[in-house]
Amino acid sequence: MNINVIKFSEEEWVIVPPRNTINEIIDIYTKLSLDEFKELLDEFIIKDKNGKPDILTATAIVRKINDAKNITFQLYSIE
């Protein structure tokens, strides 16, 4: 299962929810304030660890949504 993750700040990433595309998340990011964006996607936001998303937390979030066994993360950046 391919999961898209977008870096939107120096310290945070957002997992693209299954109901959205990368472009939709970027569009939401550009239209809302940072606080509104974080509030809307709170359950999908993960912390940065040495320039990369916290994969353990990301995996736990993805497994809550989908019982995926093999997860491949595709990384993107808005910055």
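Nothing in this text is a laboratory measurement; each read-out follows from the coordinates by a stated rule. Since the structure is predicted, the reported quantities are computational estimates derived from the model, not experimental observations.
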Cut-off under 18 Å on the C-alpha distance; same-chain residues fewer than 8 positions from residue 47 excluded. Which aspartates and glutamates are left, in chain and number order? 10, 11, 12, 35, 36, 39, 79
In degrees, nearest 10, range 0 to 90: what is the angle between the Cα axis of helix 22-31 and the longest Cα principal axis of the chain? 30
Values of log10 I(q)/I(0), in the order q = 0.11, 0.18, 0.27 Å⁻¹, for the chain under a Debye, Cα-only, solvent-free model: -0.24, -0.67, -1.50
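When DSSP beta bridges are limited to those with both residues in the chain, what percentage is antiparallel, rounded to the nearest 5?
55
Pull out the extension gain between residue 35 and residue 2, defined as 0.36 nm times the separation in residues minus the alpha carbon to alpha carbon distance; nm, one decimal. Can you show the working numbers first?
Working: separation 33, 0.36 × 33 = 11.88 nm, distance 2.74 nm.
Difference between extended and current length: 9.1 nm.
For the range 8-49, compute the orientation-averaged projected area of the C-alpha convex hull (one quarter of its surface), in nm². Write down the numbers at each step before the final one.
On the way: hull surface 11.6 nm².
If you wrap the Cα atoms of the range 8-49 in a convex hull and average its projections, you get 2.9 nm².
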